[in-house]
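See below for the structure under consideration.
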Amino acid sequence: AHEWAICSVAGCGKHAATRRARLCQACASQKSRTGGFGRRPRKGRVRTSHGYYTVSVSGHPLANKHGRVYEHRCELFDAIGAGAHACHWCGVQVEWKVGLCTKGALVPDHIDGDKGNNHITNLVPACNPCNATRGLFIAWVLKHRDDPFLWALYEAARSKGAAA
């Protein structure tokens, strides 16, 4: 019986995938992808795979353990502050919470539907149901742009959001 070596990467402790390389599968994959084993710090404004941007703001109340926070959350929080706020669309009270899908959590809503437009004039506090419903509505209307009635409804909703 052969004894397999332990991965040679400090702190890993998994069994090596091969005796010769002395790397576990995860560490071998990371080395081939990134060229190393250490976590590279993400600096500045970074776009996520979901189209949102994160920024590095150490010490911000909404930052994760790595000091990163979604840019739209940071911008709206800095503008309106902590505590409870009324949903822009339905008026229900919402407040900043760490878990975004938590009941009663404040969700920054992009009025124009553009995840990359994080200017404060484009952000309003919303409850999760209103934010999700608006997102689906915007996606549906944009898919059916050639319908003048739907486009008029969409434009009226956008102008209501911008005026408030």
Query raised in the report: Picking from Asn64, Asn131, Asn118, which is most flexible by a Gaussian network model of the chain using Cα springs under 10 Å?
Result: Asn64
Report summary line: Under the 7 Å Cα-to-Cβ spin-label approximation, Cys12 and Val98 lie apart by a distance in nanometres of 3.0 nm
Report summary line: Mean-square fluctuation maximum in Gaussian network of the chain, Cα pairs under 10 Å, restricted to Pro129, Pro108, Pro148, hits Pro148
Query raised in the report: Percent of accessible area on the chain owned by carbon and sulfur, 1.4 Å probe?
Result: 55 percent
Report task. Report which label in (i) 1.17; (ii) 1.47; (iii) 2.33 holds the value of Cα Rg over 2.2 N^0.38 Å derived from the coordinates of this structure. Result -> (ii)
Query raised in the report: GNM, the chain, Cα, under 10 Å: largest mean-square fluctuation among Tyr70, Tyr53, Tyr154?
Result: Tyr154
**Report entry** Loop-resident sites, region 124-157, for trypsin sites (Lys or Arg not before Pro), counting at most 13 other Cβ within 10 Å (DSSP)
**Finding:** Arg145
Query raised in the report: Taking the Cα centre of the chain as the origin and placing charges on Cβ (Lys, Arg +1; Asp, Glu -1), which of Gly35, Tyr52, Ala132 is farthest toward the positive end of the dipole?
Result: Gly35
**Report entry** Two-decimal log10 I(q)/I(0) for region 28-122, as the Debye equation yields it once each C-alpha is a single scatterer, q = 0.11 Å⁻¹
**Finding:** -0.40
Report summary line: Descending accessible area (1.4 Å probe), largest on the left, turns Arg68, Arg22, Arg33 into Arg33, Arg22, Arg68
Query raised in the report: How large is the dipole of region 1-152 about the Cα centre if only Lys and Arg carry +1 and Asp and Glu carry -1, each at its Cβ, rounded to the nearest 20 debye?
Result: 1180 debye
Report task. Of the options Ala86, Ala26, Cys74, report the single residue whose Cα projects farthest towards the positive end of the charge dipole of the chain (beta-carbon charges: Lys, Arg +1; Asp, Glu -1). Result -> Ala26
Report summary line: Hits for the chain under the membrane-span-like helix rule (DSSP H, Cα axial span at least 15 Å, Kyte-Doolittle mean at least -1.0) are 128-143, 148-163
Requested in this report: May I ask you to give the solvent-accessible area per residue for the chain, in square angstrom, as obtained with a 1.4 angstrom probe?
Outcome: 65 Å²
Report summary line: Phi-derived 3J(HN,Hα) across region 60-65 with the Karplus relation (6.51, -1.76, 1.60, θ = phi - 60°), rounded Hz, x for Gly and Pro, is 5, x, 9, 6, 7, 5
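The values are calculated or read from the model by the stated rules, or taken from the named source; none is laboratory data. This structure is a prediction, so every number in the text was calculated from the model and none was measured. Here the Cβ is made from the backbone with ideal geometry for all residues, glycine too, and neighbour counts use every protein chain on show. Just so you know, the surface numbers come from the protein's heavy atoms only, side chains and all, with ligands and any DNA or RNA stripped out. Shrake-Rupley method; radii C 1.70, N 1.55, O 1.52, S 1.80 Å.
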